[in-house]
1. For region 121-131, does any single residue satisfy the condition of being under 22 Å from E23 (Cβ atoms), among the aliphatic types (A, V, I, L, M), modelled with pLDDT of 75 or more and touching a Leu at 6+ places or on another chain (Cβ under 8 Å)?
2. Of everything in region 76-115 that's farther than 17 Å from K206 by Cα and among the polar types (S, T, N, Q), which residue is modelled with the lowest pLDDT?
3. Looking for whichever is touching a strand residue (DSSP E or B) at 6+ places or on another chain (Cβ under 7 Å) and either at pLDDT 85 or above or surrounded by 18 or more Cβ atoms within 10 Å (Cβ to Cβ) (or both) here; the options are M67, M43, M55. Which one fits?
4. Within region 190-204, does at least one residue satisfy the condition of being over 19 Å from S131 (Cβ atoms) and either among the aromatic types (F, W, Y) or at pLDDT 75 or above (or both)?
5. Suppose the filter is surrounded by fewer than 23 Cβ atoms within 10 Å (Cβ to Cβ), of a type in the set (G, A, S) and modelled with pLDDT of 85 or more; does A36 pass it?
6. Determine which member of the set G144, G174 is within 19 Å of V64 (Cβ to Cβ) and at pLDDT below 65.
7. Contact list please: Cβ distance under 8 Å, first residue in region 210-232 and over 13 Å from G90 (Cα atoms) and of a type outside the set (A, V, I, L, M, F, W, C), second residue at pLDDT 50 or above and part of a loop (DSSP other than H, G, I, E, B), pairs at least six apart or on different chains.
Amino acid sequence: MKKLLALSAAAILSLAPMARAEESKDDVTERLQKAAAVLHEVMEAPDKGIPEEVMDHAKCVAVVPHMVKGGFVIGAENGRGVATCRTEHGWSAPAFFAITGGSWGLQIGVEGVDLVMIIQSDQGMQHLLSSKFQIGGDASAAAGPVGRHASADTDWKMNAEILTYSRAKGAFAGLTLSGASVRRDDDSMKAVYGPDVTTQAVLDGKVPATADAHVFLAAVRGAKSQATAANQ
């Protein structure tokens, strides 16, 4: 039985984009463009976007376009994402990460999910700067509030280091990030910045953004404007 479950999980994970041995710079550029599109679309959702207050409070913004989730008794997540953090000079150049994980339960189906993570504390930011951390273990996470404004009587600032937002392209039972592992995407980092450039140096603002990154960074900067416009 254990062998069957392991084979099922392996088959699910083989469907994910990150199953490729190595990404080219063109692949990474496409990911930046897709991440920008996801952020625009999430913010434009009427009454269901990320509230203005949440964006104001964000330390970092991370996007995983089309994270693959599949399940047959054992569920799995697998995807590649891009993140940027606030610095004293504005948003940092993007760093690249991979997310993998699993959840037990009666789950059948395969689904693509667009995921946005808002890191809202200094401790959560430090986890992102590390080479690897586990959501729900090293860093607490919760579903973020949605709407034009975050209600003043909620404790979204206090509950979790990471707020998560997802947009599903199909029906799927048991969506969760608990136990998912976030780690540095070495292939993508090397493709964009060359060898020996650390995630911390990039997210601390010590590495300049490439021309290909501007579309994603513009989407992050524009997210506040989109939230404000939705309130008018």
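The values are calculated or read from the model by the stated rules, or taken from the named source; none is laboratory data. These numbers were taken from a predicted model, which means no experiment stands behind them. Backbone-built Cβ (ideal geometry, glycine too); neighbour counts: all protein chains shown.
1. Initially, region 121-131 is screened for residues under 22 Å from E23 (Cβ atoms), giving 128-131.
This time we only want the ones that are among the aliphatic types (A, V, I, L, M), so: 128-129.
Imposing the further condition that a residue be modelled with pLDDT of 75 or more reduces the set to 128-129.
Now drop any that are not touching a Leu at 6+ places or on another chain (Cβ under 8 Å), which leaves 128-129.
Within region 121-131, one or more residues are under 22 Å from E23 (Cβ atoms), among the aliphatic types (A, V, I, L, M), modelled with pLDDT of 75 or more and touching a Leu at 6+ places or on another chain (Cβ under 8 Å).
2. Q107
3. Checking each option against the conditions leaves just M67.
4. First pass over region 190-204, keeping only residues over 19 Å from S131 (Cβ atoms): none.
No, region 190-204 contains no residue that is over 19 Å from S131 (Cβ atoms) and either among the aromatic types (F, W, Y) or at pLDDT 75 or above (or both).
5. Numbers: surrounded by fewer than 23 Cβ atoms within 10 Å (Cβ to Cβ): yes; of a type in the set (G, A, S): yes; modelled with pLDDT of 85 or more: yes.
It is true that A36 is surrounded by fewer than 23 Cβ atoms within 10 Å (Cβ to Cβ), of a type in the set (G, A, S) and modelled with pLDDT of 85 or more.
6. Numbers: G144 fails: at pLDDT below 65.
Unique residue meeting the criteria: G174.
7. T210/A93; Q226/G49; N231/R148; N231/H149
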